[in-house]
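Worksheet for the structure shown next.
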Amino acid sequence: MITLLQLDYFRRLAATEHITQTAKELYISQTALSSMIIGLEKELGVRLFDRSKRSIRLNQAGRVYLQYVNDVFTALENGRTALQELTETAEHQVSLTVGSPQVWLNMIRDFRHQCPEYSIKQHSQTLDGLTDSLRRMRTDFVIAGMNEVTDPGFEHVVLKTDRVYLCVPKSHPLAARDTVWLRELENQPYIDLPVGNPWRAYCADLFDRAGVTVRRVLECDASIRSALIDAEFGVALTSSSAYEVDMLRPNCYIPISDEFTTREMALFWNPKKYLSRAALSFRDFCADYWTKKA
């Protein structure tokens, strides 16, 4: 008989394709993990992994089976959440994952004012982690650029279109300009965000499209970027959303003129995940919020 424990171990190993790492994450021995997987394969009568002395890889049969195993755990999680909703024992909470939480503060604040009975649990995530957090149903929603969540099975609603701004200290030669072109940033000292940050990846693509090479002088957390710009360490690109909340004050914001420097921001969710009343209310609020502001 196949057990849920076997299925859980199988999907964990399918995600990593690494016996040692998976066994460590599960706090079991490699031998115990291997025995579980071999037992599952015997029950099914088919190998799920291709093995060599140094590696293990999910094969075609494994990929097919994994889809059904994921559906099993999705159904179980949805059932648990639905029962909690039914008995009203669950906290009325929305889980939200974003790359740059600061720029969405006003929207989150206004939702809380409108629906004070619900709370929001916010997570930050790297670019690669945005899709994964939805796929593994670790979050209700992800807010990201349209090209940053890559699974076509997810659903979304476009919230707004961001423009790109250059942020410079007040003493900078470009500070008095009404607009600026990306090509004018060639070899400028540039303050970047850490590798993996969605905004960093987006800006790198813009520089590539413009054929521009900036001189990265610093990598830092978003929270201290404004102080470093003000101290004249360099310049940075930011978004109209950040401009609206003046996230990089006291510096100057200058719109970028290049026509391709717009970024559609959307709210994504996995249709396989059960959405609570709080989550559904948040989704409807977000769509309506930006429609009214358009």
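The values are calculated or read from the model by the stated rules, or taken from the named source; none is laboratory data. What you are looking at is a predicted structure, and each value in this text was computed from that prediction instead of being measured. All Cβ positions, glycine included, derive from the backbone under ideal geometry; neighbour counts span all protein chains shown. The accessibility values were calculated without ligands, DNA or RNA, using every heavy atom of the protein model including side chains. Shrake-Rupley method; radii C 1.70, N 1.55, O 1.52, S 1.80 Å.
Looking at this structure, is Ala236 over 24 Å from the mean Cα position of the chain (by Cα) and either surrounded by 13 or more Cβ atoms within 10 Å (Cβ to Cβ) or in contact (Cβ under 8 Å) with a residue 40 or more places away in the chain (or both)? Answer is no for this residue. Selection of region 259-294 for residues being open to solvent by less than 60 Å² (accessible area, probe 1.4 Å) and without any contact (Cβ under 8 Å) to a residue 60 or more places away in the chain yields only Phe260. In region 136-153, the residue that is modelled with the lowest pLDDT out of those that are surrounded by 18 or more Cβ atoms within 10 Å (Cβ to Cβ) and farther than 24 Å from Ala204 by Cβ is Met137. If you go through region 133-169 and keep only what is hydrophobic (A, V, I, L, M, F, W, C), in a loop (DSSP other than H, G, I, E, B) and closer than 16 Å to Met265 by Cα, you end up with Met146, Val149, Phe154.
Of these, Leu185, Leu174, Leu105, which one is over 29 Å from Phe73 (Cα atoms), aliphatic (A, V, I, L, M), open to solvent by 40 Å² or more (accessible area, probe 1.4 Å) and in contact (Cβ under 8 Å) with a residue 12 or more places away in the chain? Within the list Leu185, Leu174, Leu105, the selection yields Leu105. In region 27-51, the residues that are within 14 Å of Leu5 (Cβ to Cβ) form Cβ pairs under 6 Å with partners that are among the aliphatic types (A, V, I, L, M) and exposed (fewer than 13 other Cβ atoms within 10 Å of the Cβ), at six or more places apart or across chains, as follows: Glu43/Ile2.
If you go through region 188-233, how many residues are more than 20 Å from the chain's Cα centre (by Cα), loosely packed, with under 13 Cβ neighbours inside 10 Å and in a helix (DSSP H, G or I)? The total comes to 3.
In region 170-186, the residue that is modelled with the highest pLDDT out of those that are under 30 Å from the mean Cα position of the chain (by Cα) and part of a loop (DSSP other than H, G, I, E, B) is Trp181. Candidates in region 53-71 are the residues that are modelled with pLDDT of 90 or more and surrounded by fewer than 17 Cβ atoms within 10 Å (Cβ to Cβ); of these, the one that is nearest to the chain's Cα centre (by Cα) is Gln67. Among residues belonging to region 22-48 that are over 10 Å from Phe10 (Cα atoms), within 31 Å of the chain's Cα centre (by Cα) and hydrophobic (A, V, I, L, M, F, W, C), point out the one that is most open to solvent (accessible area, probe 1.4 Å). Across region 22-48, the extreme among qualifying residues is Ile28.
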